[in-house]
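Asks: This structure is in structure tokens; I'll ask about it shortly.
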Amino acid sequence: MEDCIFCKILKGEIPNHTVYEDKNVLAFLDIYPHAKGHTIVIPKVHAETYFDLNEELLTSFSNGVKRAMENVQNKLQPDGFNVGWNQNKVAGQVVPHLHMHIIPRYEGDGGGSIHSIIKNPGEKTVDEISKLFE
Ligand code: AMP
Ligand code: ZN
């Protein structure tokens, strides 16, 4: 896509520090890292969100995420990871090209868990919400 910054990285118009690459995905270091080795993984096709990838692309994407995590593990030996993506503006997505954040975690790094993103469960009970899925 024309003015997508991550498509520009894929075309080689913007440089990147590659962590892992195969025919379907590119993983590179985040330029504003939130942890040592913070890595971004993108599919090589422009897709805005997870909903826009078909099963085949999702499989290759998640394989790429794993391979990138293994490379980070081997080079930096973190003690754990938080891995996830921001989907849509409300959730913090700034770049409109799907990307998985691989955030390596180190003992004593002072960070939180995925639960620290939000604590605002709304008025409805879990039982009430569960009815929607019956
Ligand atoms: P998000 O808020 O999920 O859209 O995250 C976008 C991420 O992309 C941020 O963590 C940025 O630091 C990162 N980012 C933006 N431009 C670049 C770039 N040229 N190279 C590497 N990372 C980038
Ligand atoms: Zn793109």
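The values are calculated or read from the model by the stated rules, or taken from the named source; none is laboratory data. Small disclaimer: the values here were computed from a predicted structure and weren't measured. Neighbour counts are summed over all protein chains in view; Cβ atoms, including those assigned to glycine, are modelled from backbone coordinates with ideal geometry.
Asks: Among the listed residues Val83, Val41, Val94, which satisfies the condition of being over 14 Å from Val19 (Cβ atoms), of a type in the set (A, V, I, L, M) and under 17 Å from the mean Cα position of the chain (by Cα)?
Replies: Working: Val83 fails: over 14 Å from Val19 (Cβ atoms); Val41 fails: over 14 Å from Val19 (Cβ atoms).
Criteria check complete, one pass: Val94.
Asks: Then there is this: Among the residues of the stretch 74-92, write down those that are touching a residue at least 24 places away in the same chain (Cβ under 8 Å) and either among the charged types (D, E, K, R) or under 15 Å from Ala27 (Cα atoms) (or both).
Replies: Within the stretch 74-92, the first condition is being touching a residue at least 24 places away in the same chain (Cβ under 8 Å), and the residues that meet it are 75-76, 78-82, 84-85, 87-88.
Answer for the stretch 74-92, where residues must be touching a residue at least 24 places away in the same chain (Cβ under 8 Å) and either among the charged types (D, E, K, R) or under 15 Å from Ala27 (Cα atoms) (or both): Lys75, Asp79, Gly84, Trp85.
Asks: Give the stretch 46-84 a look and list any residue that's aromatic (Phe, Trp, Tyr) and touching a helix residue (DSSP H, G or I) at 6+ places or on another chain (Cβ under 7 Å), or say none.
Replies: Scanning the stretch 46-84 gives a single hit, Phe81.
Asks: Another one. Which of the residues belonging to the stretch 79-97 are surrounded by 13 or more Cβ atoms within 10 Å (Cβ to Cβ), closer than 14 Å to Asp109 by Cα and touching a Phe, Trp or Tyr at 6+ places or on another chain (Cβ under 7 Å)?
Replies: none
Asks: I'd like the residue in the stretch 42-73 that is surrounded by fewer than 17 Cβ atoms within 10 Å (Cβ to Cβ) and among the aromatic types (Phe, Trp, Tyr) and, out of all such residues, is nearest to Gly112 (Cα to Cα).
Replies: That would be Tyr50.
Asks: Continuing with the same structure: Is it true that Thr39 is surrounded by 15 or more Cβ atoms within 10 Å (Cβ to Cβ) and on the phi < 0 side of the Ramachandran plot? Give the steps one after another, and end with the answer.
Replies: Numbers: surrounded by 15 or more Cβ atoms within 10 Å (Cβ to Cβ): yes; on the phi < 0 side of the Ramachandran plot: yes.
The answer is yes for Thr39.
Asks: Based on what the data block shows, is Leu76 within 16 Å of ligand 2 (Cβ to nearest atom), surrounded by 12 or more Cβ atoms within 10 Å (Cβ to Cβ) and either modelled with pLDDT of 95 or more or within 11 Å of the chain's Cα centre (by Cα) (or both)?
Replies: no
Asks: List, please: which pairs have Cβ atoms under 8 Å, are six or more places apart or on different chains, and start with a residue in the stretch 30-58 that is free of Cβ contacts under 8 Å to residues at least 60 places away in the same chain and end with one that is among the small types (Gly, Ala, Ser) and surrounded by 12 or more Cβ atoms within 10 Å (Cβ to Cβ)?
Replies: Ile42/Ala27; Pro43/Ser60; Pro43/Gly64; Leu53/Ala47; Leu57/Ala47
Asks: Somewhere in the stretch 45-59, is a residue among the hydroxyl-bearing types (Ser, Thr, Tyr) and within 16 Å of ligand 2 (Cβ to nearest atom)?
Replies: Looking for residues that are among the hydroxyl-bearing types (Ser, Thr, Tyr) and within 16 Å of ligand 2 (Cβ to nearest atom), one finds at least one in the stretch 45-59, hence yes.
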